[in-house]
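Structure first, commentary second.
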Amino acid sequence: MITVRKANKVLRIDENNKENYLARGYDVVNEKGEIVEHNSRTVTPAEYVAALAEIERLKAEIAKLKAKKKETVGEV
C-alpha cells in the first residue's frame, strides 16, 4: 500500500493503481507527508517561479542577440 495526496485528500491505495492516481493529479507521499513522486498535472509554486525566471532570462538573451545582429548587419 502507498499513500497519495491531492489538496487535503489523503488516500491509501494499492501500488498497482499508482499510475492511475498520478494521472488524476495525486502525488505519492511518504509517512512524513513529503512528496516522493509528483504527478504530471500540477506545477509547484517553486517550479512556476523558476519557469517565469527562465522565460525572462531567455527574453533578455533574445533581445541581446537581436541587438547584436542589427549591429552586425549595419556594419556590412
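Screening ALA53, ALA63, ALA67 for residues that are within 17 Å of the chain's Cα centre (by Cα) and either charged (D, E, K, R) or surrounded by 10 or more Cβ atoms within 10 Å (Cβ to Cβ) (or both) leaves exactly one candidate, ALA53. Please enumerate the residues belonging to region 1-48 that are part of a helix (DSSP H, G or I), surrounded by 11 or more Cβ atoms within 10 Å (Cβ to Cβ) and of a type in the set (A, V, I, L, M, F, W, C). If the condition is that a residue be part of a helix (DSSP H, G or I), surrounded by 11 or more Cβ atoms within 10 Å (Cβ to Cβ) and of a type in the set (A, V, I, L, M, F, W, C), then LEU22, ALA23 are the ones that fit.
Read the figures in this text as sums done on the coordinates, not as results from a lab. Keep in mind that what you see is a predicted model, and the values were worked out from it rather than measured. Backbone-built Cβ (ideal geometry, glycine too); neighbour counts: all protein chains shown.
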